[in-house]
Amino acid sequence: MAAVIKTITNITSGWMALIAILSSAAVLAAALAFQYIGGLYPCVLCMYQRWAYVVAAAFAFLAWIFRKKPALAKITLGASSLSFFASAIIAGFHVGVEKRWWEGTSECQGAALDLSASIEDLTSQLMDQPIVRCDVVPWDLFGISMAGYNIIISLVLTGICLWVIKASKEA
């Protein structure tokens, strides 16, 4: 076990970067499965959380590319960690909206309609898109919503990335 930890914490091995990339991909795949298989369409805050994972994966990919340059690898892995943390912050805001502790953004009420359009066009606008409110919990497990689980996952990934940066003996 110590050998595995030593390998993962060695920034030049690139393992932590790959773990961050695969973790981001797994979270995004789960979100897409909930959407396309489960029929649970995302609200705007869910989409922001997804984008934070895309950014985290991109920075982790750069960390993997720069794995032989420890200083650059640490910087890009740190940026990946910040992206995971941003996802946790957005998810925390989302949980607050779900619990009605505060109001969501103006985008949380659904897409704006073009009120100057004809009745047929307005009907088409309404029928062509699902209206997903940020303050409605479409799925939960043990009383924790998907946004709540995202807080946990994002903070764990943030912590692991920071731990590897701190534990790395290189540069």
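The values are calculated or read from the model by the stated rules, or taken from the named source; none is laboratory data. Nothing here was measured: the structure is a model prediction, and the numbers come from that model. Backbone-built Cβ (ideal geometry, glycine too); neighbour counts: all protein chains shown. These area figures cover heavy atoms from the full protein model, side chains too; ligands, DNA and RNA do not enter into them. Shrake-Rupley method; radii C 1.70, N 1.55, O 1.52, S 1.80 Å.
Just a few scattered comments:
- Pair list, Cβ < 7 Å and 6+ apart or interchain, from segment 70-88 residues that are in contact (Cβ under 8 Å) with a residue 40 or more places away in the chain and under 13 Å from Gly159 (Cα atoms) to residues that are open to solvent by 20 Å² or more (accessible area, probe 1.4 Å) and in a helix (DSSP H, G or I): Leu77/Ile165; Gly78/Ile165; Ser80/Phe59; Ser81/Leu162; Ala88/Ile151; Ala88/Leu155
- Some residue of segment 77-96 being open to solvent by less than 30 Å² (accessible area, probe 1.4 Å) and modelled with pLDDT under 90: no
- The set of residues in segment 34-84 being hydrophobic (A, V, I, L, M, F, W, C), assigned to a loop (DSSP other than H, G, I, E, B) and under 24 Å from Val132 (Cα atoms) consists of Ile37, Leu40, Cys43.
- Residue satisfying all of: in segment 131-152; assigned to a helix (DSSP H, G or I) and open to solvent by less than 70 Å² (accessible area, probe 1.4 Å); farthest from Gly39 (Cα to Cα) among these: Ile151
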